[in-house]
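Data block below; observations after.
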Amino acid sequence: MENSMENVRYLISGDSAVTVEFGNTISPEINRKIRAFKIALERARIEGIIETVPTYRSLLVCYRPEVIRYGALTERLQEVLSSSDSIQIPPPSVVEIPVLYGGEMGPDLAHVAECHGLTKEEVIKIHTSRDYLIYMLGFIAGFPYLGGMDERIATPRLENPRVKIEGGSVGIAGAQTGIYPVASPGGWQLIGRTPVKLYDADREKPVLLEAGQYIRFRSVSEDEYHEIEKQAESGKYSCAVYEKEA
């Protein structure tokens, strides 16, 4: 990773946070810089910093102004940033997400296929053929913003958003794909649903996924979906997780 300090901006974000912005594009390279900086900050243990939140192209640093003032904080951030080139980022993990495609679970699968002159089976094959980088979490608790979807199945959002989309629904919006962790309104084209709970307030770790990980979708049958659903409800299901190949 080169030139970590080039084009970096420090933006005041309210009275107790600063946004460290690394660029104005969405790219794996900028994501690597953000991940390295986040790791470096955690190791630096700067007194007063209480949380860091990665986004597509920045890292939000939340702090206690009664402990460290903005000026002193940005000086420390620059010091840490200058040494973040040497940070070795751990190999990312891939979380396998089982999905039942089409039918009631994916009412827009046929539309996506028709838009591109594909069969439903071809859309599923394309959608499950890639690892998707989780750039950040947001919108609602646990919603992963993913990169890397094949342009062959990129499809515009619905003209009229749905009032309610069930939690676990997997959708496409433009060149992005994502998963709704909980029931909410939304305008994405729904192609399937996972029985896995991406967010569970009663779980020790409520949010399943982390920025910097990858997702790999796996097509499952209806019987397998319902079996996983039962296990997930009782807290006995764990997604397959493995190290991403270089």
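For the range 42-57, filtered to residues that are within 30 Å of Met149 (Cβ to Cβ) and either in contact with an Asp or Glu (Cβ under 7 Å, 6 or more places away or on another chain) or among the hydrophobic types (A, V, I, L, M, F, W, C) (or both), the residue that is most open to solvent (accessible area, probe 1.4 Å) is Arg57.
When the range 101-142 is examined, which residues are found to be among the small types (Gly, Ala, Ser) and either outside any loop (DSSP other than H, G, I, E, B) or more than 28 Å from Ser27 (Cα to Cα) (or both)? Those that are among the small types (Gly, Ala, Ser) and either outside any loop (DSSP other than H, G, I, E, B) or more than 28 Å from Ser27 (Cα to Cα) (or both): Gly102, Gly103, Gly106, Ala110, Ala113, Gly117.
Kindly evaluate Ile172 against the criterion of being under 29 Å from Ala201 (Cβ atoms), of a type in the set (Val, Ile, Thr) and open to solvent by 10 Å² or more (accessible area, probe 1.4 Å). Here the answer is no, as Ile172 does not meet what is asked.
Considering each residue of the range 2-31, count those that are open to solvent by 30 Å² or more (accessible area, probe 1.4 Å) and either modelled with pLDDT of 90 or more or touching a Pro at 6+ places or on another chain (Cβ under 9 Å) (or both), and give that number.
8
One residue alone among Val163, Val182 is open to solvent by 40 Å² or more (accessible area, probe 1.4 Å), in contact with a strand residue (DSSP E or B) (Cβ under 8 Å, 6 or more places away or on another chain) and not in a strand (DSSP E or B), and that residue is Val182. Scanning the range 95-112 for residues that are open to solvent by 20 Å² or more (accessible area, probe 1.4 Å) and either in contact with a Lys or Arg (Cβ under 9 Å, 6 or more places away or on another chain) or at positive phi (or both) turns up Glu96, Leu100, Tyr101, Gly103, Glu104, Met105, Ala110.
For the criterion of being in a strand (DSSP E or B), touching a strand residue (DSSP E or B) at 6+ places or on another chain (Cβ under 7 Å) and either surrounded by 15 or more Cβ atoms within 10 Å (Cβ to Cβ) or not basic (Lys, Arg) (or both), Tyr145 passes.
Annotation: of all residues in the range 114-142 being without any contact (Cβ under 8 Å) to a residue 24 or more places away in the chain and under 19 Å from Gly187 (Cβ atoms), the one that is least open to solvent (accessible area, probe 1.4 Å) is Phe139. Evaluation of Ile89 against the conditions (1) part of a loop (DSSP other than H, G, I, E, B); (2) among the hydrophobic types (A, V, I, L, M, F, W, C); (3) surrounded by 17 or more Cβ atoms within 10 Å (Cβ to Cβ); (4) in contact (Cβ under 8 Å) with a residue 40 or more places away in the chain shows that the sole unmet condition is (3).
Taking the criterion of being at pLDDT 95 or above and either of a type in the set (S, T, N, Q) or in a strand (DSSP E or B) (or both), the residues of the range 186-198 that qualify are Gln189, Leu190, Ile191, Gly192, Arg193, Thr194.
The values are calculated or read from the model by the stated rules, or taken from the named source; none is laboratory data. Values in this document were obtained by computation on a predicted structure and should not be read as measured data. Positions of Cβ are generated from backbone atoms using ideal geometry, with glycine treated the same way; all protein chains shown enter the neighbour counts. Keep in mind that these areas ignore ligands, DNA and RNA; they rest on the heavy atoms of the full protein, side chains included. Shrake-Rupley method; radii C 1.70, N 1.55, O 1.52, S 1.80 Å.
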